[in-house]
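Structure, as structure tokens:
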Amino acid sequence: MDTKTIFMAFFIINTLESCVYPCLGQEDVDDKPLISPGEFDTLDVLSPASQEYNIYMLENLPPKYKTYLGTCADKMGPSGISECNEDVLREILTNKPVSRECCLMVVRAGKECYMKIRKFMFQLYQLKRFASQVSFKTNEVWNRCSAEVESPSSSHDHMI
């Protein structure tokens, strides 16, 4: 074999490996929190202009989409959309895991609803700066919750 053939083989193998194992060639930035817990607590402080932005965005959502989001919120249960929503956002942004109860609400809503609610949340003024960075973490939270809720070790079957 000549040097050119060996180089091409090496190049092809490395390219294939980087597709199969993308983490080999990059730093794992997805484990780093996007914000500190202290900064998370200030996300709900809005200026009048940012409140107007959110109101305008909400008013211009298609009615079917608003209804769909409402149905998704209902699937999470009465406390799910308020309490659990904040906890999910906190996990996505600061890496603080949500409770098992919140995971149950997330899984109850279903993956499509969960993803649509997250997409909507990251369109709000105070969260839109993170929209391009949260896709992986949003999926990671879903996968963790789904596995936790569906794993046999987490069930509470008792033999009498």
In the set Phe136, Phe120, Phe130, the lone residue that is open to solvent by 90 Å² or more (accessible area, probe 1.4 Å) and assigned to a helix (DSSP H, G or I) is Phe136
### Condition check for Thr71: in contact (Cβ under 8 Å) with a residue 24 or more places away in the chain and open to solvent by 30 Å² or more (accessible area, probe 1.4 Å)
yes
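How many residues, within the stretch 95-117, are assigned to a helix (DSSP H, G or I) and either surrounded by fewer than 16 Cβ atoms within 10 Å (Cβ to Cβ) or out of contact with any Leu (no Cβ under 8 Å at 6 or more places or on another chain) (or both)?
15
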By residue number, the members of the stretch 74-94 that are more than 15 Å from Trp142 (Cβ to Cβ), open to solvent by less than 30 Å² (accessible area, probe 1.4 Å) and of a type in the set (A, V, I, L, M) are Leu93
Quick check, is Glu17 at pLDDT below 75 and not in a helix (DSSP H, G or I)? no
Per the filter on the stretch 46-57, residues without any contact (Cβ under 8 Å) to a residue 40 or more places away in the chain and either part of a loop (DSSP other than H, G, I, E, B) or in contact with a strand residue (DSSP E or B) (Cβ under 8 Å, 6 or more places away or on another chain) (or both) are Ser47
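The values are calculated or read from the model by the stated rules, or taken from the named source; none is laboratory data. These numbers were taken from a predicted model, which means no experiment stands behind them. Note: ideal-geometry Cβ built from the backbone for every residue, glycine included; neighbour counts use all protein chains shown. Protein only, heavy atoms only, side chains kept; ligands, DNA and RNA dropped before computing areas. Shrake-Rupley method; radii C 1.70, N 1.55, O 1.52, S 1.80 Å.
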